[in-house]
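Asker: Just dropping this structure here.
The values are calculated or read from the model by the stated rules, or taken from the named source; none is laboratory data. Fair warning: this is a prediction, and the values are worked out from it, not measured in the lab. Cβ atoms come from the backbone with ideal geometry, glycine included; neighbour counts cover every protein chain shown. Calculation scope for accessible area: heavy atoms of the full protein, side chains included, ligands and nucleic acids excluded. Shrake-Rupley method; radii C 1.70, N 1.55, O 1.52, S 1.80 Å.
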Amino acid sequence: GTGAPVVNNKGRFVTDPASPRAESLRLLRTQIIAQHVGAGRRAFAVTGATDGAGATYIAANLAAALSQVGIKTLLVDANLRNPRLDTVFGIDPNGPGLSSYLTLDVNRPERVIYPNVLPGLSVVPAGPPVARPQELLSGARFRTGVDILLRQFDVALFDTPATNENADALTVAGVLGYALVVARRNFSFVKDIETLATQLSAARATVIGSVLNDYD
């Protein structure tokens, strides 16, 4: 069916296609396909201004929703400081991931892909902890890896840490060129979102949309 699975931040799936959560995700999926994927833009960062906004929740669920309509989707955990996607999808946190490729422990980015964690959805986890993650994400190896991965998928979503904690998300968004901003109702401040939008613009990343998260 077309009811998108809903992933919460404890790794559980809620598959009721009639739920308000699933309906909201279908709407977001439609907007992303029409305005982003349909325009040939194939990768974007998902980020929030503060930790707790729910960026990981939105990234995981949107990726699942996109894969469910036949879009070959890659979800990358670019939060090398406090990764969460391994927990969401039951991936070994000590196994190879993005950090393994960036530190030359793995020579090709394809070797850190966990294929078909859901039908049509593959995941690159963050991998083992590393020193100086921002330097790794700023380097040419990350840009090269993104280019290689995008040849194999229709769209790639990159989960990133909150921008008030470090500049990693801005670095990733600058490489990808696009970002989806996540705010949380009764939690995120308008001023913080405005600051984030300004920072993303300075990083040469276009904001493709914003999501008011009610659910995580």
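Asker: Answer yes or no as to whether Leu157 is closer than 26 Å to Ile113 by Cβ and either in a helix (DSSP H, G or I) or modelled with pLDDT under 95 (or both).
Answerer: no
Asker: Among the residues of segment 130-147, is any in contact (Cβ under 8 Å) with a residue 40 or more places away in the chain, closer than 23 Å to Gly54 by Cβ and surrounded by fewer than 23 Cβ atoms within 10 Å (Cβ to Cβ)?
Answerer: yes
Asker: Now, a different point. Would you confirm whether or not segment 29-51 contains a residue that is modelled with pLDDT under 80, open to solvent by less than 50 Å² (accessible area, probe 1.4 Å) and part of a helix (DSSP H, G or I)?
Answerer: Within segment 29-51, one or more residues are modelled with pLDDT under 80, open to solvent by less than 50 Å² (accessible area, probe 1.4 Å) and part of a helix (DSSP H, G or I).
Asker: Tally the residues that are more than 19 Å from Val175 (Cβ to Cβ) and among the aliphatic types (A, V, I, L, M), restricting the search to segment 66-94.
Answerer: Total satisfying the criteria: 5.
Residue-wise test of (1) β-branched (Val, Ile, Thr); (2) under 21 Å from Val155 (Cβ atoms).
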| residue | (1), (2) |
| --- | --- |
| Ala55 | no, yes |
| Leu62 | no, yes |
| Arg81 | no, no |
| Leu98 | no, yes |
| Tyr101 | no, yes |
| Arg108 | no, yes |
| Ile113 | yes, yes |
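Asker: Taking segment 74-92, which residues are touching a Phe, Trp or Tyr at 6+ places or on another chain (Cβ under 9 Å), of a type in the set (A, V, I, L, M) and not in a strand (DSSP E or B)?
Answerer: Ala78, Val88, Ile91
Asker: Next question, about the same structure. Scan segment 133-153 and tell me whether some residue there is touching a Phe, Trp or Tyr at 6+ places or on another chain (Cβ under 8 Å) and not in a helix (DSSP H, G or I).
Answerer: Scanning segment 133-153, I find no residue that is touching a Phe, Trp or Tyr at 6+ places or on another chain (Cβ under 8 Å) and not in a helix (DSSP H, G or I), so the answer is no.
Asker: Oh, and also: Can you tell me which residue in segment 54-73 is surrounded by the fewest Cβ atoms within 10 Å (Cβ to Cβ), limited to those that are part of a helix (DSSP H, G or I), polar (S, T, N, Q) and in contact (Cβ under 8 Å) with a residue 60 or more places away in the chain? Let's see the steps before the verdict.
Answerer: Going residue by residue through segment 54-73, those that are part of a helix (DSSP H, G or I) are 55-68.
Filter once more, so that each one left must be polar (S, T, N, Q): 56, 61, 67-68.
Next, only the ones that are in contact (Cβ under 8 Å) with a residue 60 or more places away in the chain stay: 56, 68.
On the way: Thr56: 27, Gln68: 22.
Result: Gln68.
Asker: Can you tell me how many residues within segment 163-216 are open to solvent by less than 20 Å² (accessible area, probe 1.4 Å), small (Gly, Ala, Ser), at pLDDT 85 or above and at negative phi?
Answerer: Qualifying residue count, segment 163-216: 4.
Table: residues versus (1) among the small types (Gly, Ala, Ser); (2) more than 18 Å from Leu62 (Cβ to Cβ).
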residue: Ile91; (1), (2): no, yes
residue: Gly95; (1), (2): yes, yes
residue: Leu98; (1), (2): no, yes
residue: Ile113; (1), (2): no, yes
residue: Asn116; (1), (2): no, no
residue: Ser122; (1), (2): yes, no
residue: Leu176; (1), (2): no, no
residue: Ala179; (1), (2): yes, no
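Asker: Which condition number does Val175 fail, the rest of (1) outside any helix (DSSP H, G or I); (2) within 19 Å of Leu196 (Cβ to Cβ); (3) under 14 Å from the mean Cα position of the chain (by Cα) being met?
Answerer: (1)
Asker: Continuing with the same structure: Determine which single condition Ala126 fails, assuming it passes every other condition in (1) touching a strand residue (DSSP E or B) at 6+ places or on another chain (Cβ under 7 Å); (2) part of a loop (DSSP other than H, G, I, E, B); (3) open to solvent by 10 Å² or more (accessible area, probe 1.4 Å).
Answerer: (3)
Asker: Here is a follow-up. If we scan segment 95-113, do we find a residue that is assigned to a helix (DSSP H, G or I), β-branched (Val, Ile, Thr), without any contact (Cβ under 8 Å) to a residue 60 or more places away in the chain and surrounded by 19 or more Cβ atoms within 10 Å (Cβ to Cβ)?
Answerer: Within segment 95-113, one or more residues are assigned to a helix (DSSP H, G or I), β-branched (Val, Ile, Thr), without any contact (Cβ under 8 Å) to a residue 60 or more places away in the chain and surrounded by 19 or more Cβ atoms within 10 Å (Cβ to Cβ).
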